[in-house]
Amino acid sequence: MRRDVFQAIADPTRRAIIALIALHAMTPNTLAEHFDTSRQAVSKHLRILTECQLVKQEVQGREIYYQLKVSKMKEIDKWLEQFRKIWEQRFSELDNVLLTLKNKENES
């Protein structure tokens, strides 16, 4: 089954893993210490994140370190940008309405 980045970030554990490895690369064992779950469960989440190309593996000796692929996160940010623009416009319109009401109140 082909997964996409939005399926990957839909899970709260995977979002937490992304937040952790955004700071620095980590091994599955190190990541598992941050969760009340098994190392195997963390490895499954890492596999999904890897399939979605959100994380990459780097072998250092006998350890595998996972780190965030920022370029894939930019894909998510680009998609979200359209909604940011909509909400910014709505907040601006709300500001104008509130300013108009305040001015009318001051005139009274």
For the range 50-58, does any single residue satisfy the condition of being in a helix (DSSP H, G or I) and surrounded by 10 or more Cβ atoms within 10 Å (Cβ to Cβ)? yes
Checked against (1) in contact with a strand residue (DSSP E or B) (Cβ under 7 Å, 6 or more places away or on another chain); (2) in a helix (DSSP H, G or I); (3) aliphatic (A, V, I, L, M), ILE64 satisfies every condition except (2)
Search the range 57-71 for residues that are among the aromatic types (Phe, Trp, Tyr) and pair each with any residue that is assigned to a strand (DSSP E or B) and surrounded by fewer than 10 Cβ atoms within 10 Å (Cβ to Cβ) when their beta-carbon atoms are under 8 Å apart and the residues are at least 6 apart or on different chains. TYR65/VAL59
Given the condition β-branched (Val, Ile, Thr) and in contact with an Asp or Glu (Cβ under 9 Å, 6 or more places away or on another chain), answer yes or no: does some residue in the range 88-98 qualify? no
In the range 22-43, how many residues are part of a helix (DSSP H, G or I), without any contact (Cβ under 8 Å) to a residue 24 or more places away in the chain and within 18 Å of the chain's Cα centre (by Cα)? 1
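Going by what's in this entry, would LYS85 be described as loosely packed, with under 13 Cβ neighbours inside 10 Å and either out of contact with any helix residue (DSSP H, G or I) (no Cβ under 9 Å at 6 or more places or on another chain) or not acidic (Asp, Glu) (or both)?
Working: loosely packed, with under 13 Cβ neighbours inside 10 Å: yes; either out of contact with any helix residue (DSSP H, G or I) (no Cβ under 9 Å at 6 or more places or on another chain) or not acidic (Asp, Glu) (or both): yes.
Judged against the criteria, LYS85 is a match.
Only the coordinates and a few stated rules stand behind these numbers; no lab work does. Quick caveat, the model's predicted, so the values are computed rather than measured. Positions of Cβ are generated from backbone atoms using ideal geometry, with glycine treated the same way; all protein chains shown enter the neighbour counts.
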